[in-house]
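Undergrad: Pasting a structure here, questions to come.
Bear in mind that the values in this text are calculations on the coordinates, not laboratory data. Note that the structure is predicted; figures quoted are calculated from it, not measured. Note that each Cβ is placed from the backbone with ideal geometry, even for glycine, and that neighbours are counted across all protein chains shown.
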Amino acid sequence: MTRSVIEGSRLEVAVRAAGDLRLIPYLMAGHPSREESVAHGRAFARAGAAAVEVGVPHSDPLADGPVIQRAGQIALDGGMTMAGALGVAAAIAEEGAPVVLMTCVNPVLAYGPTRFAVDCARAGVAGVIVPDLPAEESGPVADPLRAAGVDTIFLVAPTSPDSRMHSIAERSSGFVYCVTVAGVTGARSELPARLEELLARARAATELPVAAGFGISQAEHVRRLRGRADAAVVGSALVGRVQRGEDPVELVEELVRACR
């Protein structure tokens with residue numbers, strides 16, 4: 001199934017750059033509490049985020065670095081579940097910005113793919129990222145989501161050959177998520193030297209917006225992405241602020257300014 005199913009979706013329009021860069025901040029549902037994760041997500045939207053990414057905690061995360069792993073464990077210890085994460089997403093979506101849910105595939109399978117798709121749509125979730133679900137094998141999860149009008153976003157990486165980038169992009173809708181580094185999530189002081197080449201390859205593979213993520217943490221990083229990607233996804237830098245008792249909204253506001 002290809003992106004034509006949800007041609008020009010609300011999420012696609014929201015994250016497509018128009019002479020600027022769009023920001024997609026990430027938070028973990030239930031970290032440090034349900035109420036605080038909702039408050040942060042709503043504040044991100046008010047601060048100018050193009051979309052808000054909400055992580056679903058899982059006991060065996062795939063691509064999460066230590067900061068987000070810790071956030072997920074705190075959320076799980078606090079009782080956060082898939083249903084609870086959908087509730088967090090619904091509360092954030094009321095602020096107006098599209099909400100993207102990021103989850104491993106096992107919680108979706110345990111919840112039931114059709115039920116998950118229906119509940120995503122009811123919660124106002126605009127798109128779903130399942131990083132450990134190969135695009136070519138995604139039908140049982142992606143088809144119900146598409147039928148419910150929810151975008152499915154797949155990841156391309158520095159190790160993806162051009163042919164596979166095209167295959168992944170054909171199965172994506174909303175945007176294509178370009179992982180800027182090999183490895184797990186985590187704030188980095190510098191972005192890869194060949195980042196521009198990677199983003200050019202990703203943009204050549206699709207007409208969808210391309211969002212760059214993993215390692216992006218500073219205004220300098222965001223400025224480097226302008227004109228090369230449509231959006232920047234920032235996660236660990238924000239989650240780390242929450243864990244240190246600092247205000248993540250201040251960083252979102254700084255990064256939104258750098259996007260312009």
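Undergrad: Which whole-number percentage describes the relative contact order of the chain, with Cα contacts under 8 Å and a sequence gap of 6 or more?
TA: 25 percent
Undergrad: I'd like the Karplus ³J(HN,Hα) series for the stretch 244-258: coefficients 6.51, -1.76, 1.60, θ = phi - 60°, whole numbers in Hz, and an x wherever there's a Gly or Pro.
TA: Going residue by residue, I get 8, x, 9, 8, x, 5, 4, 5, 4, 4, 5, 6, 4, 4, 5 Hz, with x marking Gly and Pro.
Undergrad: Tabulate in residue order the Karplus-calculated ³J(HN,Hα) for the stretch 110-127, using 6.51 cos²θ - 1.76 cosθ + 1.60 with θ = phi - 60°, rounded to whole Hz; enter x for Gly and Pro.
TA: 5, 6, x, x, 5, 4, 4, 4, 4, 6, 4, 4, 5, 7, x, 5, 8, x
Undergrad: Follow-up. Say we join alpha carbon atoms closer than 10 Å with springs in a Gaussian network model of the chain; which of A18, A211, A232 then has the biggest fluctuation?
TA: A18
Undergrad: Can you check what the net charge comes to around H58, using other residues whose Cβ is under 10 Å from the Cβ of H58 (Lys, Arg +1; Asp, Glu -1)?
TA: So the surrounding residues net to -3.
Undergrad: Something else: When the Debye formula is applied to the Cα atoms of the stretch 71-193, each taken as the same point scatterer, what base-10 log of I(q)/I(0) results at q = 0.10, 0.13, 0.14 Å⁻¹?
TA: Cα-only, vacuum Debye calculation for the stretch 71-193: -0.34, -0.57, -0.66.
Undergrad: Hey, what do the phi angles of the stretch 140-154 turn into as Karplus ³J(HN,Hα) couplings, whole Hz, using 6.51/-1.76/1.60 and θ = phi - 60°, x for Gly and Pro?
TA: Values, residue by residue: x, 9, 6, 4, x, 5, 4, 4, 8, x, 10, 5, 10, 10, 10 Hz.
Undergrad: Send over the Kirkwood Rh of the stretch 215-260, from the inverse of the averaged 1/r over different Cα pairs, rounded to one decimal Å.
TA: Details: mean 1/r = 0.0925 Å⁻¹.
This gives a value of 10.8 Å.
Undergrad: If you don't mind, another one. Cut-off 10 angstrom, C-alpha nodes, Gaussian network model of the chain. Which of A110, A71, A45 fluctuates the most?
TA: Maximum fluctuation in the GNM of the chain, among the listed residues, is at A110.
Undergrad: Can I get the semi-axes of the stretch 139-181's equivalent ellipsoid? Compute them from the C-alpha gyration tensor as square roots of 5 times the eigenvalues, in angstrom, largest first.
TA: For the stretch 139-181, the ellipsoid semi-axes come out as 21, 10, 8 Å.
Undergrad: What number, in percent, do you get for the relative contact order of the stretch 111-260 if the mean sequence gap of Cα pairs under 8 Å and at least 6 apart is divided by its residue count?
TA: On the way: 229 pairs, mean separation 25.7, N = 150.
Normalised by residue count, the contact order of the stretch 111-260 is 17 percent.
Undergrad: Can you give the log10 of the normalised intensity I(q)/I(0) at q = 0.17 Å⁻¹, computed with Debye over equal Cα scatterers of the stretch 151-260?
TA: -0.78
Undergrad: How long are the semi-axes of the ellipsoid equivalent to the chain, from square roots of 5 times the Cα gyration tensor eigenvalues, in whole Å, largest first?
TA: Result for the chain: semi-axes of 23, 22, 17 Å.
Undergrad: What are the semi-axes of the equivalent ellipsoid of the stretch 1-98, taken as the square roots of 5 times the eigenvalues of the Cα gyration tensor, listed largest first and rounded to whole Å? It would help to have the intermediate numbers written out before the result.
TA: Details: eigenvalues 126, 50, 35 Å².
Square roots of five times the eigenvalues give 25, 16, 13 Å.
Undergrad: Let me spell out the model: positive unit charges on the Cβ of Lys and Arg, negative unit charges on the Cβ of Asp and Glu, origin at the Cα centre of the chain. What dipole size does that give, in debye rounded to 20?
TA: Working: 25 positive and 30 negative charges, 80 e Å.
Dipole size: approximately 380 debye.
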